[in-house]
1. How far, in degrees from 0 to 90, does helix A:35-44 lean away from the longest principal axis of the Cα atoms of chain A, to the nearest 10?
2. May I have the pair-distance distribution P(r) for chain A, computed from all Cα-Cα distances with 10 Å bins from 0 and rounded to whole percent?
3. What is the packing order of peptides B:196-207, A:37-48, B:113-124, A:55-66, taking the mean over residues of other C-beta atoms within 10 Å and listing the highest first?
4. Cα gyration tensor of segment B:34-136, axes a ≥ b ≥ c as square roots of the eigenvalues: rounded (a/c below 1.5), prolate (a/b > b/c) or oblate?
5. Taking 8 Å as the Cα distance limit and 6 or more residues as the minimum spacing, I'd like the relative contact order of chain A as a percentage.
6. What is the helix-to-structure angle for A:171-180, meaning the angle in degrees between its Cα long axis and the longest Cα principal axis of chain A, kept from 0 to 90 and rounded to the nearest 10?
7. What average number of partner chain Cβ atoms lie no more than 10 Å from the Cβ of the residues making up A:350-360?
8. Over all residues in A:215-224, what is the mean tally of Cβ atoms on other chains that come within 10 Å of each residue's Cβ?
């Protein structure tokens, strides 16, 4: 398939992998920031093509995973109301709150709908004037423009029965938090391609400089990821630490300025609690005051509650790249996608769920690769 | 990479103890998705009550003898939404699906029953269209609609129309087709491009208009099965990968036969437009439903001949060998990825849900 198969080509993959093998002289730890990248790496077995010296650790960039339990419980409290049509991205439906998940609420009669875009919710709101349509606005900078656009249009078109429950998070503060942690092992980043398609990559330059880490803005196809590793490795092996763009077919240095302006118009920066990690200052978006009529947190009377994650769960450390999923004693036994104990097992993009789905706990692939 | 994960047996992974899969207090949609939860529901709730040697085979239908005749018997219900879709409708599907379940037992389909559950308010024209479609599909397949039933429920108590069909067919002497017979060394063939049915349905549901509309592949497979059996080769397993797609069907077979499967991703035929739609919708085509495709397990020595027989049939023109049975990793399907890596392809945990990015 054009524009896709070229980036999933075995001969090309081998060529880049060979170059990586040739260049590497010592162990390095790289973190891919996005859940989508983790998913690709495990789905295609990209890490199996890399030399042993290069360790990929998986970053916090799975928006579904890092949405706090408290926020999920708020979403469920809203979805339970008979006057509400609750809309969400698909993979949020399976994420358990304290009591149930959205699929279970749906089976009990809640009107829960999967949408591909928050703009679809405006149609639903117009078609159901007697209902309150609420969209669960999660995600990084990537989904922020779409969510901002939905709110902005709702206000312009006077669609009063549409609101969003905002749980937006931002990548750069999370990267800073990882680098500042005393446990940090990350020496270079594969940066978030789609986040940068929106935001550009200027804001990553001070991080690269301050912490002396290479940051290579990277795409999501196998070729992209291998090339991203190669570019980061070249920097590490030659002692450089700058921001480079592996993904120029999508990402420009200044990003998508129209999208940025819209986001700025609708959202402002706030502190945000990340599931498994805790509160990170100035790491999220909330709706600006002038859009409060579309802010579900204000429209519905919701209680703030403090929730505890199961103590055995290592997801906080996995999200920070300190631990791997299979380092956790509960992984694949007490903790599975059907019964997740923590953040990284709940979404397909979470590192633990990706490892589980693609059988990383079974120790089958290494043997197979050796045979090949 | 080092792993210190505890040793896990396939049984653990697939939902026997200790996974708390059964702790749902009510039925959720995923119990009907053909994945792990469906399997769990059958294993934990249905089988303990129904247990007998026929149902335990867990094949698409039961095969038994009455006098000197070997019969195949199967049933299936159809609840597809929308009821009309590119390439077919619920009526056609209800005939093809049950005919195919019989064909997967190696049977020649003979008689069908048809049961309707209709929601009050269904337009009469729609009902007429569905009934006509059932008759046309039955005529084309050569099965007789021998008996039927009609029930109507209050508005809101069903979604337009649900159909159940049961079928009876004759199994030839010497034909022994069931999942347990998958053997190490068997080649695995697929009869053509996968994932069209599920994508056709999803495109209508999501209101996606593609340049080339993707049509469902719904088709009766008994003719193709006849062609395969006419080679006289010993076909071990046939399976139509419907709900849950190719991987769920293969996963199930690894479980029942206690074998492993090695798949080659680049050998699996998928049309470009289906691949594109899957990318857009965030779905994996390996888990998407088919309604006119079959998987065949045949001894390696017979693979060439069976493949040629399939390709000579209009419904098997694009058939391909996609993998083989191995004694390694029993209970699991391992796939060589397009770029030369490898991964386990497991049954779906629940409904396949589109990913956020």
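Only the coordinates and a few stated rules stand behind these numbers; no lab work does. Treat the numbers as computed from the prediction; the structure is a model and nothing was measured. Virtual Cβ from ideal backbone geometry, glycine too; neighbours counted across all protein chains shown.
1. 50
2. With 10 Å bins starting at 0, P(r) equals 5, 24, 32, 25, 11, 3, 0.
3. A:55-66, A:37-48, B:196-207, B:113-124
4. On the way: a/c = 2.41, a/b = 1.49, b/c = 1.62.
It is oblate, given that a/c is not under 1.5 and a/b is not larger than b/c.
5. Working: 719 pairs, mean separation 79.9, N = 372.
After rounding, I find 21 percent.
6. 50
7. On the way: counts 0, 0, 0, 1, 1, 2, 4, 7, 8, 12, 5.
Mean number of neighbouring Cβ atoms from other chains: 4.
8. Neighbouring Cβ atoms belonging to other protein chains average 1 per residue here.
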